[in-house]
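The values are calculated or read from the model by the stated rules, or taken from the named source; none is laboratory data. What you are looking at is a predicted structure, and each value in this text was computed from that prediction instead of being measured. Here the Cβ positions follow ideal geometry from the backbone for every residue, glycine too, while neighbour counts run over all protein chains shown.
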2 protein chains.
Amino acid sequence: MQKRILVVEDESSIRDMVAFALRKADMEPMLAADAREAQLAVAATVPDLILLDWMLPGMSGLELARRLRKETLTAEVPIIMLTARGEEMDRVNGLEAGVDDYVVKPFSTRELIARIKAVLRRSHGDDGSGVIELGGLKIDGPAHRVHAGADTIAIGPTEYRLLHFFMTHAERVYSRAQLLDHVWGGSVYVEERTVDVHIRRLRQTLQPWRLDGLIQTVRGAGYRFSASA
Amino acid sequence: MQKRILVVEDESSIRDMVAFALRKADMEPMLAADAREAQLAVAATVPDLILLDWMLPGMSGLELARRLRKETLTAEVPIIMLTARGEEMDRVNGLEAGVDDYVVKPFSTRELIARIKAVLRRSHGDDGSGVIELGGLKIDGPAHRVHAGADTIAIGPTEYRLLHFFMTHAERVYSRAQLLDHVWGGSVYVEERTVDVHIRRLRQTLQPWRLDGLIQTVRGAGYRFSASA
DNA sequence: GATGGTTGTCACGCAACCGTAACCAAAACC
DNA sequence: GGTTTTGGTTACGGTTGCGTGACAACCATC
């Protein structure tokens with residue numbers, strides 16, 4: 001199925017270049033020059049991924065990312081930010097806003113496409129219905145349910161959000177700080193070790209189905225959900 | 001290792017400017033004023049990257065790009081095109097001809113060098129997705145994993161950081177002090193000989209896959225990661 | 001206001017990991 | 001051939017990071 005990519009970029013030459021590269025890679029570009037246009041576009045059709053320039057007229061890309069994350073429609077849509085050299089130090093802020101990846105300008109179109117595909121692959125298993133199945137575990141977004149084979153797994157709210165984040169971002173390591181930002185929402189302050197405890201609880205609820213191995217510890221780095229080994 | 005960049009540009013002032021910038025960035029310029037000179041130069045020495053002006057006397061840069069793509073010698077060499085403003089609509093044809101990137105005139109030398117480096121990085125196993133493959137070893141940054149073929153290699157935190165640094169800076173010798181700086185982070189003080197021990201440990205973890213030879217000792221200078229022999 | 005469930009924090013313990021020193025092997029130098 | 005320098009290898013004490021169990025605070029429901 002063709003993926004729809006929303007490109008929010010005020011510089012027309014970059015926008016056109018990206019649009020062409022997307023078409024060539026069999027993806028459908030949606031173009032917007034500023035935050036307002038972006039919001040209109042999103043209201044019309046929800047894209048599969050959003051490509052967001054860091055600097056935009058009116059509202060910064062970061063601010064727009066925050067708002068999109070709060071909207072129900074776009075909360076789950078992955079975001080890739082385009083940053084110029086020297087804006088890199090702000091990655092920290094971006095990760096707090098729930099940005100999935102960064103591409104530093106100047107970039108080659110191949111590099112950009114590779115990143116987009118990587119992010120889409122990560123949120124893969126999601127066929128658009130909101131149901132994801134990975135490693136014998138099935139999470140049903142709309143129904144807010146978790147299944148292992150025929151069984152339904154009883155799971156608490158935080159555990160559910162954590163698991164959902166992991167399954168939409170599989171095969172990638174996230175630090176405690178990143179998990180707090182993505183799952184708890186950057187605004188509240190909680191101890192980093194709290195993540196450990198919830199990881200433990202999640203593993204414990206998955207244990208009866210021998211699925212606790214899906215959540216792996218990467219010493220010194222964080223945690224990873226992985227269906228392989 | 002010095003990279004050879006073939007510059008095909010009929011305007012001598014631009015050619016000289018680019019040549020100067022390349023030398024400053026530790027790259028070796030090869031100069032050509034038209035398509036014929038370019039083909040002769042390529043026949044003599046295959047460059048690592050080709051910088052091609054859109055407008056050339058005799059044959060258009062685009063046409064030359066197409067021909068170079070068909071030659072076995074140059075089929076894999078990345079191409080960056082230089083286009084004047086207003087020629088932008090033709091990007092479409094360029095991308096179809098297998099051009100890797102564009103730089104629009106007028107450009108700053110800094111931007112040009114940045115683009116060149118980005119494209120070279122990609123042609124060196126780094127496609128921008130954070131996964132690098134060199135000498136039968138694959139390191140996956142986002143997943144924080146190391147692979148040899150189908151196997152996943154278990155590796156400790158410091159070993160991982162060391163390997164990651166080596167693979168992003170292959171074919172170059174680094175002293176113990178430099179490695180401490182880059183891998184440990186300049187702030188903490190540790191003995192230089194500590195590096196030896198971690199090199200040893202890294203070699204040991206790679207040994208079962210006969211990949212320990214990738215890390216070479218350069219007596220009196222330091223260590224080097226090399227995929228070639 | 002009692003009950004059951006959920007959440008964040010802490011303290012403890014264990015295993016993995018790290019840095020250092022000491023010793024051994026191999027070059028390089030004279 | 002002997003000495004010096006450089007790197008390889010090993011063993012070990014100390015530290016750190018993570019898993020775990022316990023617990024108080026909170027919330028909703030009855």
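Structural remarks
- Residue, nearest to residue A:148 (Cα to Cα), within the stretch A:196-229, restricted to residues that are more than 14 Å from DNA strand C (Cβ to nearest atom) and among the basic types (Lys, Arg): A:210
- Selection count where residues are near DNA strand D (Cβ under 9 Å from one of its atoms) and touching a residue at least 40 places away in the same chain (Cβ under 8 Å), scope the stretch B:215-229: 5
- Subset of the stretch A:201-214 (residues that are more than 14 Å from chain B (Cβ to nearest Cβ), under 29 Å from residue B:131 (Cα atoms) and without any contact (Cβ under 8 Å) to a residue 12 or more places away in the chain): A:212
- Taken residue by residue, the stretch B:64-72 has at least one member that is in contact (Cβ under 8 Å) with a residue 12 or more places away in the chain, within 22 Å of residue B:117 (Cα to Cα) and of a type in the set (Lys, Arg).
- Candidate set: the stretch B:129-159, residues that are within 11 Å of another protein chain (Cβ to nearest Cβ) and among the β-branched types (Val, Ile, Thr); chosen: the one surrounded by the most Cβ atoms within 10 Å (Cβ to Cβ): B:155
- Of the residues making up the stretch A:220-229, those that are at positive phi and assigned to a loop (DSSP other than H, G, I, E, B) are A:220, A:229.
- Helices (runs of 4 or more DSSP H) wholly inside the stretch B:147-219 containing at least 3 residues that are modelled with pLDDT of 95 or more: B:157-168, B:193-206
- Hits in the stretch B:104-120 (condition: at pLDDT 75 or above and more than 8 Å from every other protein chain (Cβ to nearest Cβ)): B:106, B:107, B:108, B:109, B:110, B:112, B:113, B:116, B:117, B:120
- Restricting the stretch B:165-190 to residues that are within 14 Å of another protein chain (Cβ to nearest Cβ) and surrounded by 17 or more Cβ atoms within 10 Å (Cβ to Cβ), the residue that is farthest from DNA strand C (Cβ to nearest atom) is B:183.
- Reported count of residues in the stretch B:155-200, each being within 22 Å of residue B:135 (Cα to Cα), within 12 Å of DNA strand D (Cβ to nearest atom) and of a type in the set (Lys, Arg), is 1.
- Being closer than 20 Å to residue A:99 by Cβ, in the same structural domain as residue A:107 (by TED's automatic domain parsing) and modelled with pLDDT of 85 or more holds for only one residue in A:49, A:56, and it is A:49.
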